[in-house]
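Colleague: Okay, handing you the structure first.
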Amino acid sequence: MRDITFFYDPISPYAHLAFERLPEALMGHSVQVRYRPVLFAAMLKANGQLGPAEIPAKRDWTYRQVSWLAHHHGVTLAMPAAHPFNPLPLLRLGLATTTDDAPGETNRYVTEQLLRHVWHGGLDAADPVRLAALQALLQDHMAQRGKPWVAPDSEAVKQRLRANTDEALALGVFGVPSMVLDGRVFWGQDALPMLRAYMDGDGWFDAQWDAAARTPVGVQRR
């Protein structure tokens, strides 16, 4: 069985698209996917980057592209009432469901609820009433599993988010979604075919993966 870590932040529409299309990309392979929420803003800060929504022209393009990609692939996606928004309450709700046998992970059901909370319906992702309803849903999910619920604002949950984000950065992850397999980082929804090719044993990866990273830097912008 292959082991893939799927790093995501529900603020990203590409994370939603990749999540919805991941089962198709993995079809025919025996795979365990570990869904790990991370704080995308902290990753941007660590790498000295602006987010797509912080650059006006790129923001417009991003929203147009993800809407088209959803249409093209038959994935439900509606822009929330406002974007970007503060994803911390959602991230912490997700991590309130993690268990001792899978620390820092959200199962597929919980991950789906977090992403669809944002990307279905065109509603306000930060609405306290909606967040309270989502918390009740996730608490019930944990009760049905016979698993403990950890307070979303607890230090344990906050530490889980920090640890996940630090782990992602240490692996070379710089954006979401990112799928990590065998130490290789596959970034973005459009990397799913590349991930599939690697899993299928495409020989390109042996010949070109490391070679591409050895390209010399010609000039650096100051």
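The values are calculated or read from the model by the stated rules, or taken from the named source; none is laboratory data. Remember, predicted model here, so these are calculated numbers, not experimental data. Cβ coordinates were reconstructed from backbone atoms using ideal geometry, including for glycine residues, and neighbour counts include every protein chain displayed. Surface accessibility is based on the protein's heavy atoms, side chains included, excluding ligands, DNA and RNA. Shrake-Rupley method; radii C 1.70, N 1.55, O 1.52, S 1.80 Å.
Colleague: Shape of segment 167-222 from its Cα gyration tensor (a ≥ b ≥ c, root eigenvalues): rounded if a/c is under 1.5, otherwise prolate when a/b > b/c, or oblate?
Modeller: Judged from the Cα gyration tensor, segment 167-222 comes out oblate (a/c at least 1.5, b/c at or above a/b).
Colleague: Scale the Cα Rg of the chain by the rule-of-thumb value 2.2 N^0.38 Å and send over the ratio, two decimals.
Modeller: 1.04
Colleague: Also, I was wondering about something else. Want the number for Tyr63 to Trp204: 0.36 nm per residue separation, take away the alpha-carbon distance, what's left?
Modeller: 47.5 nm
Colleague: For segment 4-68, with all protein chains present and a 1.4 Å probe, just round the carbon and sulfur fraction of the accessible area to a whole percent.
Modeller: Heavy-atom surface of segment 4-68 belonging to carbon and sulfur, 1.4 Å probe: 56 percent.
Colleague: I need the phi-derived Karplus couplings for segment 33-38: 6.51 cos²θ - 1.76 cosθ + 1.60, θ = phi - 60°, integer Hz, Gly and Pro marked x.
Modeller: 9, 10, 8, 10, x, 9
Colleague: Which of Leu93, Leu44, Ala163 sits closest to the plus end of the dipole of the chain, meaning its Cα is farthest towards the positive end, when Lys and Arg get +1 and Asp and Glu get -1 on the C-beta?
Modeller: Of the candidates, Leu44 comes out farthest on the positive side.
Colleague: Kindly report the accessible area of the chain per residue (heavy atoms of protein chains, probe 1.4 Å, no ligands, DNA or RNA), in Å².
Modeller: Averaged over the residues of the chain, the accessible area is 52 Å².
Colleague: Hey, another quick one. Output the direction-averaged projected area (hull surface divided by four) of the convex hull of the alpha-carbon atoms of segment 93-222, in nm².
Modeller: 12.0 nm²
Colleague: Can you list, largest first and rounded to whole Å, the semi-axes you get for segment 126-170 by taking the square root of 5 times each eigenvalue of its Cα gyration tensor?
Modeller: Working through the eigenvalues yields semi-axes of 23, 15, 9 Å.
Colleague: Here is a further query. With N set to the number of residues, divide the alpha-carbon radius of gyration of segment 31-98 by 2.2 N^0.38 Å and report two decimals.
Modeller: 1.32
Colleague: Could you check how much of the accessible area of segment 88-129 is carbon and sulfur, as a whole percent, using a 1.4 Å probe?
Modeller: On segment 88-129, the fraction of accessible area on carbon and sulfur atoms equals 55 percent.
Colleague: Here's something else I'd like to know. For Val31, list long-range residues whose amide hydrogen, built 1.01 Å from N in the peptide plane, is under 5 Å from its own amide hydrogen.
Modeller: Answer set, sorted by chain and number: Arg2.
Colleague: Report the charge-dipole magnitude of the chain in Debye, nearest 20, computed about the Cα centre from +1 at each Lys and Arg Cβ and -1 at each Asp and Glu Cβ.
Modeller: So the dipole magnitude of the chain works out to roughly 460 debye.
Colleague: In addition: Could you identify which residue out of Val173, Val31, Val110 has the top mean-square fluctuation in a GNM of the chain using Cα springs shorter than 10 Å?
Modeller: Val31
Colleague: If the label point is 7 Å along Cα→Cβ of Ser154, which residues in segment 66-105 have backbone nitrogen under 18 Å from it?
Modeller: 89-105
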